[in-house]
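Student: The following block contains the structure, expressed as structure tokens.
The values are calculated or read from the model by the stated rules, or taken from the named source; none is laboratory data. Computed from a prediction, not measured in an experiment: that's the story for all the values here. As a convention, Cβ positions derive from the backbone with ideal geometry for all residues, glycine included, and neighbour counts pool all protein chains shown. Just the protein is used for accessible areas: all its heavy atoms, side chains included, with ligands, DNA and RNA removed. Shrake-Rupley method; radii C 1.70, N 1.55, O 1.52, S 1.80 Å.
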Amino acid sequence: MSALLLFGPAAEAQWKWKDANGKIQYSDMPPPPSVADKDILLRPPGTRATVVPYGSAQAAAASAAAAASANAAAQAAAKKDADQQGQAKKEAEQAQARQAEEAKKLAAARAENCQRARQNLVLLDTGLRVSTLNAAGETVFMDDKQRAAERERVQAIVNKDCR
């Protein structure tokens with residue numbers, strides 16, 4: 001509860017002034033340079049009124065222009081930060097979409113490998129003679145020892161890809 005009391009004043013508007021129509025305005029940003037110093041009713045702590053010597057209209061205009069440029073720079077920085085955050089979010093969404101697409105492709109490849117491995121396992125279990133081609137392109141039939149080794153290899157693929 002006491003934490004709320006500590007942070008409450010920071011959330012309130014820090015500037016209060018009378019506009020050209022005589023209405024009271026509140027903001028966390030300083031008033032526009034067109035507002036006379038006498039019309040600023042409340043300032044944030046740590047800021048002070050601009051002291052302009054009598055008859056120094058140029059100094060008042062210069063301080064007003066400096067305040068306006070500082071306000072514009074702050075707004076430009078805030079916009080740039082928002083743009084960067086939006087770009088980062090967009091890039092993160094694109095990366096997530098690419099990962100999801102790759103996961104789909106990997107799942108499809110596993111399903112195809114599983115189907116082929118199961119078909120080969122059925123073929124090896126039938127007892128029919130199975131032949132392969134050697135490096136010279138000749139047909140070679142598997143003996144029982146080769147068939148058992150091939151069955152173990154295919155069974156490992158089924159165990160891995162057919163979850």
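Student: Taking the range 62-129, how many lysine pairs are there with alpha carbons less than 25 Å apart, if each pair must be eight or more places apart or span two chains? Show your work: numbers first, answer last.
Tutor: Details: Lys79/Lys89; Lys79/Lys90; Lys80/Lys89; Lys80/Lys90; Lys89/Lys104; Lys89/Lys105; Lys90/Lys104; Lys90/Lys105.
Pairs that pass both the separation and distance tests number 8.
Student: Using a 1.4 Å probe on the protein heavy atoms, what percent of the accessible area of the range 54-163 belongs to carbon and sulfur?
Tutor: On the way: 4720 of 8750 Å².
Heavy-atom surface of the range 54-163 belonging to carbon and sulfur, 1.4 Å probe: 54 percent.
Student: Another question, if that's okay. Find how much the distance from Ala76 to Tyr26 grows on full extension, using 0.36 nm per residue of separation minus their present alpha carbon separation; answer in nm with one decimal.
Tutor: Values: separation 50, 0.36 × 50 = 18.00 nm, distance 2.17 nm.
Full-extension gain reported as 15.8 nm.
Student: Still on this structure, please answer the following. Could you do me a favour and compute the accessible area per residue for the range 96-163, 1.4 Å probe, result in Å²? List each step's numbers first, then the result.
Tutor: On the way: 5550 Å² over 68 residues.
Per residue, the range 96-163 has an accessible area of 82 Å².
Student: Here's another thing I want to ask about it. Could you sort 124-130, 27-33 so that the peptide with the highest average Cβ count within 10 Å comes first and the rest follow in order?
Tutor: Going from most to least packed, we get 27-33, 124-130.
Student: Hey, quick one: spin label on Arg110, modelled 7 Å out along Cα-Cβ, who in the range 121-163 has an amide N within reach, i.e. under 15 Å?
Tutor: Counting backbone N atoms under 15 Å from the label point, the list is 157-163.
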